[in-house]
Structures are given as structure tokens and as C-alpha cells.
Amino acid sequence: MFERGGLVLRKKVIVLSLLILFILCISSTILARSEVGFSVDKKDILINDQFTLSVNVEDAQIAAYTIWIYFDTEKLECLEKKDNINIIGDKIIFTWFSEAGKNQEMEKIIDLKFKAKQEGSVLFSLVGEFYDQNGKKIDMKYNQLEIQIGQKDNIAKIEADGTENNLVRTEEKNNANLEIMRLNQEGIEPDFSPNINEYYLVVDEKIKNLDVMAIPANIKADVRIS
């Protein structure tokens, strides 16, 4: 709090202390949650190829949602031009609600067309807010999808490298670090690093919520933020 010209101005500092609990999926009966994930309509994707990315959901009765889909803009171009889709940098924002205000059983959320621009590995990830007809937030599990883009003569090499990558990921099964963290507000200090779990953000007092996307380095881990 400080005074300027007789006015008392307030700023609040939010300390983001990420309590990250990694729970390896030993048994699917421990916690039953609806799942959101991706699929693509092509196995081998070459430069300049167009393909469809589908966002799918399992075991959910939904009345409204907003999702944020992240992708690599250097390697991919999103070709969708629908009115209810906003593309901001590496983020696609899509909102839907039931006009009747009732739950609907869904299997597919949306199809998105992309064009491959560069060779390499591309990771799709998403976060979202899902609600039922009573306005209650639905607890969701979000899966990722990694695809490879390459010329035909490089696909065999990519598949061979995948075996080695699997071995590396097995060795990192006890890794409790995040690979990616993003917020819907600018100004986080310090810059994200997998070895840092406390961050500071100065925001206006009107800000009541923060959207945090946290993706673990261990693909079999579950992330919870308190």
C-alpha cells in the first residue's frame, strides 16, 4: 500500500507455490476422472502435409467448456478459420455451451486442421474448464500427444530414435520436475525453470483467478496445483 496525491493505491503480490504431487498411474481404480486427449488422422506426416487433430473426451456429461490448446507455431500452422475459434500465438481458444443448458454426452470436442511446416517433434497439450448443467466444475485429466514431422527417408530414423527416447524416459520415471508451465498473466518472476517451484507475480487487485498450465516431465505422472 502506498499514497500518491491523497489516493491510496493497492497492489497485491501473488506467490505461486506449486505443490506438485506426482502420482504414478499404478492402478486405474484409484481415481476415476474423465479424460481429454488428442488423436490425428495420419500416421506419417511430411512437410507441407495437411492433417486433422481431434480433441476427444471420455466419460463426461458436459454443459459448457473452454479449452486452451498449445502447439508449436514454428513447425505447424493452424488452418481453422471458424468464428468461435481464437488463435493467439501458440494457443488456440475454443468455447462451447449447450443452448438448452443441459448436459450432453460427448466423445469429440473439436476437429482442427493443421499444416506441417518444419521437421521435428511436436507436442500438443491443453488445459480447460468444463462445467455440468448445475454450474459445477468437472474434474478432468488432460493427456498430451507427441507427433513427428519428417521426410519419408527420415521416418525410419525417427522411429528408431523413439526406442532410445523410451529408455531415457524410463530412467526418468522418478523425475518430479515440470517440463512446461504457462500462466494466463504476464510478468512471472523468475522465468520458468524445471528446478524452480516458487514464483512471484504482481497483479492488479481485480485479478481473482489465475489459469496455470503445468505439464510434467514424466508423462505417466499426474500434476495437482494448490
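Points to keep in mind about this one:
Yes or no, residue by residue, for (1) at pLDDT 80 or above; (2) more than 25 Å from Lys82 (Cα to Cα); (3) touching a Lys or Arg at 6+ places or on another chain (Cβ under 8 Å):
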| site | (1), (2), (3) |
| --- | --- |
| Ile109 | yes, no, no |
| Gly120 | yes, yes, yes |
| Gln133 | yes, yes, yes |
| Ile138 | yes, yes, no |
| Lys141 | yes, yes, yes |
| Ile158 | no, yes, no |
| Asn165 | no, yes, no |
| Pro194 | no, yes, no |
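- Residue that is surrounded by the fewest Cβ atoms within 10 Å (Cβ to Cβ), among those in segment 97-128 that are touching a residue at least 60 places away in the same chain (Cβ under 8 Å) and assigned to a loop (DSSP other than H, G, I, E, B): Gln118
- Matching residues in segment 79-95 - criterion: being under 13 Å from Ile69 (Cβ atoms) and open to solvent by less than 60 Å² (accessible area, probe 1.4 Å): Glu80, Ile85, Gly89, Asp90, Lys91, Ile92, Ile93, Phe94
So that you can scan it fast, the table gives a plain yes or no per residue for (1) among the hydroxyl-bearing types (Ser, Thr, Tyr); (2) open to solvent by 70 Å² or more (accessible area, probe 1.4 Å); (3) within 22 Å of Ile69 (Cβ to Cβ):
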| site | (1), (2), (3) |
| --- | --- |
| Leu178 | no, no, yes |
| Leu183 | no, no, yes |
| Glu186 | no, yes, yes |
| Glu189 | no, yes, no |
| Ser193 | yes, no, no |
| Val203 | no, no, no |
| Ile207 | no, no, no |
| Val212 | no, no, yes |
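- Residue in segment 61-74 that is surrounded by fewer than 14 Cβ atoms within 10 Å (Cβ to Cβ) and not in a loop (DSSP other than H, G, I, E, B) present: no
- Tabulated pairs, segment 81-96, first in contact (Cβ under 8 Å) with a residue 12 or more places away in the chain and within 18 Å of Ile62 (Cβ to Cβ), second open to solvent by 80 Å² or more (accessible area, probe 1.4 Å) and not aliphatic (A, V, I, L, M), C-beta under 7 angstrom, 6+ apart or interchain: Ile93/Asn86
- Filter result for Ile14 (at pLDDT 90 or above and in a strand (DSSP E or B)): no
The values are calculated or read from the model by the stated rules, or taken from the named source; none is laboratory data. It should be emphasised that the depicted structure is a prediction, and the values quoted were computed from it without experimental measurement. Positions of Cβ are generated from backbone atoms using ideal geometry, with glycine treated the same way; all protein chains shown enter the neighbour counts. Heavy atoms of the whole protein, side chains included, go into the accessibility calculation; ligands, DNA and RNA do not. Shrake-Rupley method; radii C 1.70, N 1.55, O 1.52, S 1.80 Å.
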